[in-house]
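Only one structure is covered here, and it is reproduced in the block below.
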Amino acid sequence: QVPLVESGGGLVQPGGSLRLSCAASGIIFRFASMGWYRQTPGNERELVAGITNGGDTNYADSVKGRFTISRDRGKNMVYLQMDSLKPEDTAVYYCNTNPGRDSFWGQGTQVTVSS
């Protein structure tokens, strides 16, 4: 069973919004610090938002004020609400624990911001 499955990506115009979802399989994720990461071709994967077991959040400077990470522990889900999207937000988005574990990387979901 794939431990983490991302969904919700797509094509959106600049200024638009998307909500990404991450479905987690396994009790380990209910209490772990989780994060949303993104990667563009030729670049390393970067953490854009994190949420701790206690609900504390942190964001990369590039998305602060525009992205919101949340979790539903009962459903074992992690979400990323992305508003005021910019072309530079275009990337494949992944969820994982924070810090990320190699064995948990999934397929990701493509987000493309373009007019």
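Going through the stretch 87-115 one residue at a time, which ones are touching a strand residue (DSSP E or B) at 6+ places or on another chain (Cβ under 6 Å), under 17 Å from Leu11 (Cβ atoms), open to solvent by 30 Å² or more (accessible area, probe 1.4 Å) and not in a helix (DSSP H, G or I)?
Thr90, Val92, Gln110, Thr112
Considering Met77, Met82, which residue is of a type in the set (A, V, I, L, M), in contact with a strand residue (DSSP E or B) (Cβ under 9 Å, 6 or more places away or on another chain) and open to solvent by 30 Å² or more (accessible area, probe 1.4 Å)?
Of the residues listed, the single one that is of a type in the set (A, V, I, L, M), in contact with a strand residue (DSSP E or B) (Cβ under 9 Å, 6 or more places away or on another chain) and open to solvent by 30 Å² or more (accessible area, probe 1.4 Å) is Met77.
If a residue must be of a type outside the set (Phe, Trp, Tyr), open to solvent by 50 Å² or more (accessible area, probe 1.4 Å), assigned to a loop (DSSP other than H, G, I, E, B) and farther than 17 Å from Asp89 by Cβ, how many such residues does the stretch 1-55 contain?
Residues meeting the conditions: 4.
Consider Ser70 carefully, then state whether it is polar (S, T, N, Q), touching a strand residue (DSSP E or B) at 6+ places or on another chain (Cβ under 9 Å), free of Cβ contacts under 8 Å to residues at least 60 places away in the same chain and part of a strand (DSSP E or B).
Yes; evaluated as a whole, the condition is true for this residue.
Out of all the residues in the stretch 1-17, which are within 26 Å of Asn53 (Cβ to Cβ) and in contact with a helix residue (DSSP H, G or I) (Cβ under 9 Å, 6 or more places away or on another chain)?
Once the filter is applied, which keeps residues that are within 26 Å of Asn53 (Cβ to Cβ) and in contact with a helix residue (DSSP H, G or I) (Cβ under 9 Å, 6 or more places away or on another chain), the stretch 1-17 yields Pro3, Leu4.
Going through Gly42, Gly10 one at a time, which residue ends up being in contact with a strand residue (DSSP E or B) (Cβ under 8 Å, 6 or more places away or on another chain) and at positive phi?
Result: Gly10 is the single residue among Gly42, Gly10 that is in contact with a strand residue (DSSP E or B) (Cβ under 8 Å, 6 or more places away or on another chain) and at positive phi.
The values are calculated or read from the model by the stated rules, or taken from the named source; none is laboratory data. The structure displayed is predicted, hence computed values, not measured ones. Every residue, glycine among them, receives a Cβ derived from its backbone with ideal geometry; neighbour counts consider all protein chains shown. All accessible areas refer to the heavy atoms of the entire protein, side chains included, with ligands and DNA or RNA removed. Shrake-Rupley method; radii C 1.70, N 1.55, O 1.52, S 1.80 Å.
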